[in-house]
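The block underneath contains the structure these notes are about, expressed in structure tokens.
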Amino acid sequence: MSLTLVSWNLKGSKGVDVRAVVDHLEAMTADVVVLQEVQPWQAHAIARSLGAKTRHWGFKHWPIRTWPEGMAVIGVTRPAPARTHAITHRRMTWSSRRRILQVATVRLDAEAGPGLNVTLVNVHLSSGDDAAPVRALEAEAIIRRIAERGRQAVVAGDVNDRPGADIHVRFRAAGLRDAWSALRGDDPGPTNWRGWVPGTPKPPTQRLDYVLVTHGLDPVAVSLPRHGDPDFAPFARLSDHLPLTATVAAAEAPS
């Protein structure tokens with residue numbers, strides 16, 4: 001039983017090349033896609049091009065000068081029904097400081113038997129060094145939602161903090177493991193450009209995007225586009241974040 005997930009902050013306010021995004025998601029054979037900083041029409045166009053089984057876009061805020069910004073959970077090969085919950089600055093619908101999370105259910109199919117329902121949480125936490133206390137509260141909201149569901153979970157998205165930050169201590173204490181670190185060890189795996197300029201030739205410098213899994217699920221593969229690879233250049237034009245792909249599977253019960 002396994003699931004391949006792609007998480008991508010698309011910086012939709014700068015425009016989205018839907019065809020290029022879809023080409024990568026198809027190449028990764030994504031079962032489910034979680035998007036951050038995406039406008040509704042962008043999310044719907046991506047889902048439609050993928051022939052997705054389900055799509056759910058959630059409102060984050062409306063910056064007035066452009067279309068509303070939000071997040072999306074797209075069930076490509078299997079349904080991923082989701083709900084959106086505001087967790088920070090709930091009433092400030094015009095402010096980029098308002099934060100949401102999306103909680104979905106997705107099934108890990110089995111060759112025999114009923115399969116396994118898993119909670120999937122799409123996140124985009126508050127940004128900036130001075131927002132660490134707010135991120136801590138947002139982390140507690142994520143942990144609480146997982147506990148309420150009472151089953152294995154995957155948390156994916158833009159956490160806006162580097163490995164080793166206090167927020168990751170909280171996640172580990174709640175039983176969430178970082179898939180990248182579990183499989184790649186000390187490989188820095190940068191996912192974001194600070195001060196991004198579209199088409200920059202510079203490499204990304206910081207890891208802000210994660211896939212975390214609870215006990216009962218094992219990461220079996222993780223990947224990122226790599227600076228220096230022949231096909232890397234388009235990713236530097238698409239967004240200030242790279243797409244993170246992870247495959248997770250139900251842990252084998254001890255014999």
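A Gaussian network model of the chain, with springs between Cα atoms under 10 Å, assigns the largest mean-square fluctuation among Val155, Val73, Val18 to Val18.
For the residues His61, His215, what sequence is obtained by ranking on other C-beta atoms within 10 Å, fewest first? List each step's numbers first, then the result.
Working: His61 19, His215 11.
Ascending number of Cβ neighbours within 10 Å: His215, His61.
For the stretch 117-233, dividing the convex hull volume of the Cα atoms by the residue count gives 116 Å³ per residue. Comparing Thr191, Val22, Ala43 along the charge dipole axis of the chain, the residue lying farthest to the positive side is Ala43, per the Cβ-charge model. Here the alpha carbons of the stretch 2-250 define both size measures, Rg and Dmax, at 16.7, 52 Å. For the pair His85 and Arg170, label points projected 7 Å from Cα toward Cβ lie 1.4 nm apart. Our helix-only sum for the chain, with -39,500 (n - 2.57) per DSSP H run of n ≥ 4 divided by its residues, gives a mean residue ellipticity at 222 nm of -7000 deg cm²/dmol. Could you give me D for the stretch 74-158, from Stokes-Einstein at 25 °C and 0.890 mPa s, where the hydrodynamic radius is the Kirkwood radius over C-alpha pairs? Units µm² s⁻¹, please. Rounded to a whole number, D works out at 174 µm²/s. Please build a GNM for the chain, connecting alpha carbons under 10 Å apart, and tell me which residue among Asp166, Asp209, Asp129 fluctuates the most. Maximum fluctuation in the GNM of the chain, among the listed residues, is at Asp129.
The shape of the stretch 180-255 can be summarised by an equivalent ellipsoid whose semi-axes, obtained from the alpha carbon gyration tensor, come to 29, 11, 10 Å from longest to shortest. When both the stretch 70-94 and the stretch 193-242 are represented by their alpha-carbon centers, they are found 22 Å apart. Estimate the FRET efficiency between Asp23 and Val220 by the formula 1/(1 + (r/R0)^6), using the beta-carbon distance for r and 22 Å for R0, to the nearest 0.05. About 0.40, to the nearest 0.05.
Its relative contact order, with pairs defined as Cα atoms under 8 Å and 6+ residues apart, puts the chain at 19 percent.
Rule-based calculations on the coordinates, nothing more; no lab input. Keep in mind that what you see is a predicted model, and the values were worked out from it rather than measured. Methodologically, a virtual Cβ is constructed for each residue, glycine included, from the backbone with ideal geometry; neighbour enumeration extends over all protein chains shown.
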